[in-house]
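Asker: The structure's right below; bear with me while I get my questions together.
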Amino acid sequence: MNSKPTILLAFFFAVLLGCKSQNTGITYNSETLKIIPISKKSFIHVSYLQTDDFGKVACNGLIYMNEGEAVVFDTPVDIETSDELIDWITKTKKQSIKAVVINHFHDDCLGGVEAFHQLNIPSYANHKTIELAKREGNAIPQIGFDGKNELMLGKQKIINRHFGEAHTKDNIVSYIPSEHLLFGGCPVKSLNATKGYLGDANINEWSNTVNNIKIAYPDLKIVIPGHGDYGDVELLDYTISLFKTE
Ligand SMILES: [Zn+2]
């Protein structure tokens, strides 16, 4: 009977939602750094790595803020861009950075770690990451842990843990229980992504490793890959199937 107002209302909301999804996308954007809010306390940082095999690659990291403090997961790709990120967190958002956590030994994770060290911000990584970074001649994280590490940010827990080999031998994932959030980094693929750089990968173990993550954290709502769009547990399922061996 009153289908006309209903249609108008539906149209109005469609327009509203359309505008909203465009505007909420990015909170900071420069030539070198993009910051995307994903919850009140969590933001993805995106910086760009020039590679021989894949051209210019957008690389994801995470910022988690709680009670005036922040933890950064993976640095932007170089020192300058890391300084840019640090400025945004400390000056624009007025949070003090408590730590930076490194996913694995590649440049897209730790290329800017010196910028944090210069400000006495400690960096954490799997022991194996430190060993491989040294061998590779990359920047070296400071504080090693054996497979698993827990940090507190205010009252909230952060769990950094190695579940097995995948993109690299050393790769970890970071889990924030209160946010139901997993920063997967390169072990986790965005939907429809290709396998990417496999030079240090274990393609036989990759599916098992990601399956173990899925079993350990059954309550995930947000899953962030190393490259490409974030999503939910679907990203784990996609990654498991991408590397499934017969
Ligand atoms: Zn990598």
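The values are calculated or read from the model by the stated rules, or taken from the named source; none is laboratory data. All values reported here derive from a predicted model rather than from experimental measurement. Positions of Cβ are generated from backbone atoms using ideal geometry, with glycine treated the same way; all protein chains shown enter the neighbour counts. Protein only, heavy atoms only, side chains kept; ligands, DNA and RNA dropped before computing areas. Shrake-Rupley method; radii C 1.70, N 1.55, O 1.52, S 1.80 Å.
Asker: Please state the shape class of region 120-237: rounded when a/c is under 1.5, otherwise prolate if a/b exceeds b/c and oblate if not, all from the C-alpha gyration tensor. Kindly include the intermediate steps, with their values, before the conclusion.
Answerer: Values: a/c = 1.76, a/b = 1.07, b/c = 1.64.
Because a/c hits 1.5 or more and a/b fails to exceed b/c, region 120-237 counts as oblate.
Asker: Apply 1/(1 + (r/R0)^6) to the Cβ-Cβ distance of ASP237 and ALA58, taking R0 = 25 Å, and write down the FRET efficiency to the nearest 0.05. Show your work: numbers first, answer last.
Answerer: Details: r = 23 Å, r/R0 = 0.91.
The pair ASP237/ALA58 has a calculated efficiency of 0.65.
Asker: Oh, and also: Using the Kyte-Doolittle scale, which helices in the chain average at least -0.5 and also have C-alpha atoms spread 27 Å or more along the helix axis, with helices defined as whole DSSP H runs? Numbers along the way, then the final one.
Answerer: Values: long enough: 3-23 (30 Å, 0.92).
Helix filter hits for the chain: 3-23.
Asker: Fully extended, how many nm does the chain gain between SER96 and LYS157 (0.36 nm per residue separation, minus their Cα-Cα distance)? Walk me through the numbers on the way to the answer.
Answerer: Numbers: separation 61, 0.36 × 61 = 21.96 nm, distance 1.70 nm.
Gain on stretching SER96 to LYS157: 20.3 nm.
Asker: Sticking with this structure for a sec: Using DSSP to call loops (not H, G, I, E or B), can you name the trypsin sites (Lys or Arg not before Pro) in region 38-117 whose Cβ has at most 10 other Cβ atoms within 10 angstrom? It would help to have the intermediate numbers written out before the result.
Answerer: Details: sites: LYS40, LYS41, LYS56, LYS91, LYS93, LYS94, LYS98; in loops: LYS40, LYS41, LYS93, LYS94.
Hits after loop and neighbour filter: LYS40, LYS94.
Asker: Here's something else I'd like to know. Of all DSSP beta bridges located in region 154-243, what percent are antiparallel, nearest 5? Please report the intermediate quantities before stating the final value.
Answerer: On the way: 7 of 11 bridges.
Percent antiparallel among DSSP bridges in region 154-243 is about 65.
Asker: Here's a follow-up. Using a basic spin-label model with each label point 7 Å from the Cα along Cα→Cβ, how many nm lie between THR194 and ASN212?
Answerer: Here the modelled spin labels are 2.9 nm apart.
Asker: Specify whether the C-alpha gyration tensor of region 27-242 places it in the rounded, prolate or oblate class, a ≥ b ≥ c being the square roots of the eigenvalues: rounded for a/c under 1.5, otherwise prolate if a/b is larger than b/c and oblate if not. Intermediate results must be reported in sequence, preceding the final value.
Answerer: Details: a/c = 1.32, a/b = 1.19, b/c = 1.11.
Rounded, since a/c falls under 1.5.
Asker: So what's the back-of-envelope 222 nm ellipticity for the chain, counting only DSSP H runs of four-plus at -39500 (n - 2.57) apiece and dividing by all residues, rounded to 500?
Answerer: Details: 7 runs with 70 residues, N = 246.
So the calculated ellipticity at 222 nm is -8500 deg cm²/dmol.
Asker: Here's another thing I want to ask about it. Give me the accessible area per residue for region 165-242, probe 1.4 Å, as a whole number in Å². Mind showing how you got there, number by number?
Answerer: On the way: 3140 Å² over 78 residues.
Accessible surface, normalised per residue, equals 40 Å².
Asker: In nm, give the distance between the simple-model label positions of ASP87 and THR27, each being 7 Å from the Cα along the Cα-to-Cβ direction.
Answerer: 1.8 nm
Asker: Next question. I'd like the antiparallel share, as a percent to the nearest 5, of DSSP beta bridges with both residues in the chain. Don't jump to the answer; show the numbers that get you there.
Answerer: Working: 35 of 49 bridges.
Approximately 70 percent, going by the DSSP bridge assignments.
Asker: List the trypsin sites (Lys or Arg not before Pro) within region 104-186 that fall in a DSSP loop (any state other than H, G, I, E or B) and whose Cβ has at most 12 other Cβ atoms within 10 Å.
Answerer: Working: sites: LYS128, LYS134, ARG135, LYS148, LYS155, LYS157, ARG161, LYS169; in loops: LYS155, LYS169.
Answer in residue order: LYS155.
Asker: A further question follows. Just subtract the alpha-carbon distance of LEU119 and ASP229 from 0.36 nm times their residue separation and send over the number in nm, one decimal. Could the numbers behind the result be given before it?
Answerer: Values: separation 110, 0.36 × 110 = 39.60 nm, distance 3.06 nm.
Difference between extended and current length: 36.5 nm.
Asker: Using a 1.4 Å probe on the protein heavy atoms, what percent of the accessible area of the chain belongs to carbon and sulfur?
Answerer: Details: 6410 of 12250 Å².
About 52 percent, which is the carbon plus sulfur part of the accessible surface.
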